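The values are calculated or read from the model by the stated rules, or taken from the named source; none is laboratory data. Everything numeric in this text was worked out from a predicted model, so none of it was measured. Ideal geometry is used to build each Cβ from the backbone, glycine not excepted, and the neighbour counts take in all protein chains shown. Ligands, DNA and RNA are excluded from the accessible area calculation, which covers all protein heavy atoms including side chains. Shrake-Rupley method; radii C 1.70, N 1.55, O 1.52, S 1.80 Å.
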Amino acid sequence: RPHARGARVVSICSGAFALAAAGLLDGRRATTHWQYADLLRRRFPRVRVDPDVLYIDDGDVLTSAGSAAGLDLCLHLVRRDHGPNIANAVARRLVVPPHREGGQAQFIEAPMPSDLDDDRITGTMAWALTDLRREITVETLARRAHMSTRTYLRHFARCTGTSPIRWLIHQRIQASLPLLERTSAPIEEIARTVGFASPVTYRSHFTRAMRTSPSAYRRAFAVA
């Protein structure tokens, strides 16, 4: 009934079963924790279950994978409702990336990491975010964490599920969004401001991550 009145409905993990039982997922693409994806598909064949993603935004109905993916979805909602600056601030408070690349397939049957709260890793992430324009290498981050490069890469992957370079690219893309939305700065200037070596590199990474170009994103989301 709330959905019929226009409410936005969100599920986390196995909460997708409740939405499916209510008929809200019929004909929609939806996700749930990978352990329950086959069961959801069998019980509700009208739901187009995608077990590989962290969350799915279908407008007025949104679903996420496991509990951690619920945080990803909630940050997505904050960004959608309040913009990237607020979402990034919330993510920093939670000590999680504003956007995680990839899907939940990378976590299937993976052991729970033991160092999710490794201050050495989160400290280097916070340091990197203070000035994305500068050149930041894995070696630089490893030195700040007082680790060898190989050890740092291993710990970073356990903490975040990705590599430092992939994480850094996404932070730079996220940092460029408010510049696209709220300024008229040329794409070339924005690319330099957030730390990309060239506008070509920026456009390439942006398109891969956002499924659109910086110019198209600006046209769609620019604040009048």
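Accessible area per residue for region 120-224, computed on protein heavy atoms with a 1.4 Å probe, is 53 Å².
Relative to the longest principal axis of the Cα atoms of the chain, helix 199-210 runs at roughly 20 degrees. Quick one: angle between helix 164-182 and the longest Cα principal axis of the chain, in degrees between 0 and 90, rounded to 10, please. That works out to roughly 80 degrees.
To the nearest ten degrees, helix 84-94 and the longest principal axis of the Cα atoms of the chain are 90 degrees apart.
Normalising the Debye intensity of the chain to I(0), with uniform scatterers on Cα atoms only, and taking log10 at q = 0.16, 0.18 Å⁻¹ returns -1.17, -1.33. Counted without the sites themselves, the longest stretch of the chain free of GluC sites (Glu not before Pro) in a DSSP loop having at most 11 other beta carbon atoms within 10 Å is 1-108. In this view, the solvent-accessible surface of ILE56, computed with a 1.4 Å probe and all protein chains in place, comes to about 10 Å². Among CYS159, CYS74, the order of accessible area from largest down is CYS74, CYS159, computed with a 1.4 Å probe on protein heavy atoms. Note on ARG29: accessible area is roughly 100 Å² with a 1.4 Å probe, heavy atoms of protein only. With helices as the sole contributors, the chain gives -15500 deg cm²/dmol at 222 nm; each DSSP H run of n ≥ 4 counts as -39500 (n - 2.57), and the sum is divided by every residue. Distance between the C-alpha centres of region 1-43 and region 148-224: 32 Å, rounded to the whole angstrom. Surface composition of the chain: carbon and sulfur atoms hold 53% of the protein heavy-atom accessible area at a 1.4 Å probe. Structure remark: mean-square fluctuation, Gaussian network model of the chain, C-alpha springs under 10 Å; the largest value among TRP34, TRP167, TRP127 belongs to TRP127. Beta bridges per DSSP, both residues in the chain: antiparallel share near 40 percent. For the set ASP50, ASP26, solvent exposure ranked by accessible area (probe 1.4 Å, protein chains only) runs largest to smallest as ASP26, ASP50.
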